[in-house]
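Notes to accompany the following structure.
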Amino acid sequence: MRQQLVFPRHKVDLVDVTGIFQRQVFLHGFLLFTFLLTPIAAGAVDITEQLHRPLNSSVGRQSRDEADSLLRIGEQQYASGYANKTIASCLRALELYHSIGDLKAQGLAYNLLAKAYIQLGSPKEAEDALRRGLAIARDTKDFQSQIFVLNNIATFLLQEGEFVAAGKTAQEALTIAQNVKNIEGQGLSLSNLGLATARLGDYNKAIKLYENALIFRRQTGDAIGEANTLNNLGEAYLASGNYQDTIGTYGAAMQIAKINRDRTNELRAIDGLVTAHSAAGRHQRAFDLLQERLILAKELQNVREELKSFESYAQLYEQLGNYPTARNFYERAIILARKLEDSKQEVLLLDKLTKMLRR
């Protein structure tokens, strides 16, 4: 998405897979991202039900309980923006799931692990985790998991700028979904195929793909998926300079996300609205939305989203030529990057600050 794996930051349609995974419990976006990347967050109770299988020994049960607990903790850590801690929890959970031979559970752990690596900016490790998850889905002939893992891989490829490969991967997922008549998978795959098409610059075709995806998502009552696809659609309108439809589409996505307490899509819709209103010269509306975003990030106790809010404030003030205030927000974002131990983000922010101060 202009600035979904990112494309600018909120795009990840790892975000796209979030809606599906919250119900399928198959741990976004993404950017893109996602994704997109995202997110892919499931409730603790759902995960326990998904992973539980009777075991023959008390040792096995103990290992499963510990692994399940680690995976839940990892999800909480990811939701709070602590990617390094999520990775540590997932790796330990994978050891335990491997020891008891539970392939399905390993697939869930690999998916969350990939999300954390993406959040941390480690693409090679993220791709490895995604490919391992896909191998498990194929070994177990789990077509539903294949659909969703392929979409995660497509989102990852989008984030890496491999748009043609991303489109082929999303098309593979769509073909499987059509063959097994998986309506949910068709909606997700069409949405991600639209992302790849938009990245290649064909916004009219992308818009048609998103509209088709919305039909499937509404058939299943997938409100989260609908909000995500609406965000994608808003992005396509924005890229084509159609601010009126951009604002209306992002507004619809934000409303659906609010009703369903889908914070990932709500934040993403706000980001899109901020960009659209800023481009249209409605700066006060953009600031109002940023204030709403920051309040939401604080309520969620999500340090990374709080950081993104500060960065967006800084960029908007910089755009308006108010460099002292922009500097203040960049410095606040840098403090949070250090708190998250995210050295890459810290360096990027310092670079932006330095370039601004040289003006």
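Taking segment 224-244, which residues are among the hydroxyl-bearing types (Ser, Thr, Tyr), modelled with pLDDT of 95 or more and open to solvent by 30 Å² or more (accessible area, probe 1.4 Å)? Residue satisfying the conditions is Tyr237 alone.
Looking only at segment 194-202, decide whether some residue is of a type in the set (A, V, I, L, M, F, W, C) and not in a helix (DSSP H, G or I). Lay out the reasoning, then the answer.
Filtering segment 194-202 for residues of a type in the set (A, V, I, L, M, F, W, C) gives 195-196, 198, 200.
Now drop any that are not not in a helix (DSSP H, G or I), which leaves 200.
Yes; the residues of segment 194-202 include at least one that is of a type in the set (A, V, I, L, M, F, W, C) and not in a helix (DSSP H, G or I).
Among Gly133, Gly185, Gly161, which is outside any helix (DSSP H, G or I) and closer than 26 Å to Ala79 by Cα? Don't jump to the end; show me each part of the working.
On the way: Gly133 fails: outside any helix (DSSP H, G or I); Gly185 fails: outside any helix (DSSP H, G or I).
Being outside any helix (DSSP H, G or I) and closer than 26 Å to Ala79 by Cα holds for just one of Gly133, Gly185, Gly161, which is Gly161.
Tally the residues that are in contact with a Phe, Trp or Tyr (Cβ under 6 Å, 6 or more places away or on another chain) and farther than 20 Å from Asp262 by Cα, restricting the search to segment 275-305. Break it down into steps so the answer makes sense when it comes.
Looking only at segment 275-305, we keep the residues that are in contact with a Phe, Trp or Tyr (Cβ under 6 Å, 6 or more places away or on another chain), and these are 276, 280, 290.
Next, only the ones that are farther than 20 Å from Asp262 by Cα stay: 276, 280.
Number of matching residues: 2.
Of all residues in segment 139-153, those satisfying the criterion of being at pLDDT 90 or above and either open to solvent by 10 Å² or more (accessible area, probe 1.4 Å) or of a type in the set (Ser, Thr, Tyr) (or both) are Phe143, Gln146. Criterion first (closer than 29 Å to Tyr97 by Cα and open to solvent by 50 Å² or more (accessible area, probe 1.4 Å)) does Gln171 satisfy it? When the stated conditions are applied, Gln171 does not pass them. Where helices (runs of 4 or more DSSP H) sit wholly within segment 216-331, those with at least 3 residues that are under 16 Å from the mean Cα position of the chain (by Cα) occupy 223-239, 243-259, 263-279, 303-319. If you go through segment 61-88 and pick out every residue that is open to solvent by less than 10 Å² (accessible area, probe 1.4 Å) and either β-branched (Val, Ile, Thr) or closer than 18 Å to Asp342 by Cβ (or both), you end up with 4.
Scanning segment 136-158 for residues that are part of a helix (DSSP H, G or I) and over 18 Å from the mean Cα position of the chain (by Cα), we see that the one that is nearest to Ile183 (Cα to Cα) is Gln144.
The values are calculated or read from the model by the stated rules, or taken from the named source; none is laboratory data. Keep in mind that this is a model prediction, so the values were computed, not measured. Because the Cβ atoms are built from the backbone with ideal geometry, glycine has one as well, and the counts that use them run over all protein chains shown. What goes into the accessible areas is simple: the full protein's heavy atoms, side chains included, and nothing from ligands, DNA or RNA. Shrake-Rupley method; radii C 1.70, N 1.55, O 1.52, S 1.80 Å.
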